[in-house]
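Just so it is clear, none of the values below were taken in a lab; they were calculated from the coordinates. Just so we're clear, the structure is a prediction, and the values are computed from it rather than from any experiment. All Cβ positions, even for glycine, are placed from backbone atoms using ideal geometry, and neighbour counts span all protein chains on display.
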Amino acid sequence: MNAAKSKLRDSEKKIIEFIERNREETIHLSITEVAERSETSESSVVRLCKRLGYKGFQDLKIHLAREVIAPEKQIHEVIEKGDDVVMIKKKVFQSNIQALYDTIEVCSDDEIRKAVDAIANARLIEFYGTGGSGTVALDAQHKLLKLGIKSFAYIDSVLQAMSASVLTNQDVAIGISHTGSNKDVLAAMKLAKEAGATLICITSSSKSPITKISDIVLQTASKETLFRTDAISSRIAQLTIIDILVAAVANQQYEWCYSNLQKTRRSTIDKKL
């Protein structure tokens with residue numbers, strides 16, 4: 001940042017000086033808060049991010065977060081031929097940890113709030129996913145059902161399409177796709193949209209086909225390593241988003257969800273040894 005100062009406007013210099021004094025705090029601030037604290041404007045913050053080569057303010061915060069992590073904790077995540085089990089363990093752990101740190105920054109608080117409200121007020125929630133994202137969809141269904149919230153997860157493309165086509169404007173369809181371009185999930189989401197349902201997507205690609213048709217976008221971040229075709233760190237981030245939604249919905253409807261949780265727990269008590 002210091003190298004770029006001489007070519008910047010006064011307002012942009014003020015922003016850089018604020019960030020340099022408050023690097024760790026900036027990671028947790030919104031663009032509005034940074035503008036207010038540096039006595040500039042949101043447009044100046046956006047312009048500065050572009051001048052520095054970042055896609056936007058969230059991208060800048062991700063890079064700041066990586067710098068703030070102590071160097072001794074930064075392990076290059078690429079698994080290389082010859083790595084022993086201990087090194088692989090460290091790299092996979094660090095990759096997943098970094099995915100969660102990055103997801104905190106790229107996932108909008110406003111979008112999370114909208115998603116929670118939509119789920120809490122829905123007649124029915126459906127989840128669509130395939131492969132690794134399919135396991136996330138099943139996990140989401142399980143967690144919401146425990147709270148008494150009607151939800152279904154479909155990992156078969158035919159069932160996804162059939163069920164999505166008969167949704168209503170009282171329902172919510174949630175598509176889970178790491179790339180945001182899974183053909184089957186996208187097809188189901190389009191049918192759900194035609195049926196009038198509210199669309200929520202969980203994806204790491206902010207400019208993918210699924211984000212273009214969704215009403216609410218919950219973005220994740222991930223660090224992929226060699227031999228990880230199932231996008232493990234992406235799945236960790238997706239599962240965490242689901243946990244946030246479930247916890248927030250339960251908190252919003254605390255008494256009702258708590259009562260249902262006791263009922264569903266009692267219903268399965270004889271299934272345990």
Please arrange ASP270, ASP59 by counting, for each residue, the other beta carbons lying within 10 Å of its beta carbon, fewest first. ASP270, ASP59
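Calculate the tail of P(r) for the stretch 10-68: the fraction of all Cα-Cα distances greater than 20 Å, expressed in %.
Numbers: 151 of 1711 pairs.
Across the stretch 10-68, Cα pairs with separations above 20 Å total 9 percent.
Just from its helices, what would the mean residue ellipticity at 222 nm be for the chain, if runs of 4 or more DSSP H residues each count -39500 (n - 2.57) and the sum is divided by every residue, rounded to the nearest 500 deg cm²/dmol?
Numbers: 13 runs with 156 residues, N = 273.
Here the helix-only value at 222 nm equals -17500 deg cm²/dmol.
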Rel. contact order, % - alpha carbon contacts under 8 angstrom, at least six apart, the stretch 10-68: 36 percent
Per q in 0.13, 0.19, 0.20 1/Å, what log10 I(q)/I(0) does a Debye calculation on the alpha-carbon atoms of the stretch 42-193 return? -0.83, -1.12, -1.16
The stretch 235-273 and the stretch 80-159 have their Cα centres apart by a whole-number Å value of 15 Å
Loop only per DSSP, at most 16 neighbouring Cβ atoms within 10 Å: give me the trypsin sites (Lys or Arg not before Pro) in the stretch 112-157, ordered by residue number. ARG123, LYS150
In the chain, taking the dipole from +1 charges on Lys and Arg beta carbons and -1 charges on Asp and Glu beta carbons about the Cα centre, the listed residue (VAL166, THR220, GLY131) farthest towards the positive end is GLY131
For Cα pairs less than 8 Å apart in space and 6+ apart in sequence, what is the mean separation divided by the residue count of the stretch 109-270, i.e. the relative contact order in percent? 24 percent
For the stretch 150-216, what does the relative contact order come out to in percent, with C-alpha contacts under 8 Å and a separation of six or more? 34 percent
Rounded to a whole number, what is D in µm²/s for the chain from Stokes-Einstein with the Kirkwood radius over alpha-carbon pairs (4 °C, 1.567 mPa s)? 63 µm²/s
Taking only Cα atoms of the stretch 156-258, what ratio of Rg to Rh do you get with Rh as the Kirkwood inverse-distance radius? 1.01
Which angle between 0 and 90 degrees, to the nearest 10, do you get for helix 232-252 versus the longest principal axis of the chain when only C-alpha atoms count? 70 degrees
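In the stretch 167-273, which chymotrypsin sites (Phe, Trp or Tyr not before Pro) are in a loop and have at most 12 other Cβ atoms within 10 Å, using DSSP for the loop call? Let's see the in-between values first.
Details: sites: PHE227, TYR254, TRP256, TYR258; in loops: PHE227.
Taking the stretch 167-273 and a limit of 12 other Cβ atoms within 10 Å, the loop chymotrypsin sites (Phe, Trp or Tyr not before Pro) found are PHE227.
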If we count other beta carbons within 10 Å of each Cβ, what is the order of HIS63, HIS178, HIS28, fewest first? HIS28, HIS63, HIS178
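In the stretch 243-273, what trypsin sites (Lys or Arg not before Pro) fall in a loop by DSSP, with at most 13 other Cβ atoms inside 10 Å? List each step's numbers first, then the result.
Numbers: sites: LYS263, ARG265, ARG266, LYS271, LYS272; in loops: LYS272.
The qualifying sites are LYS272.
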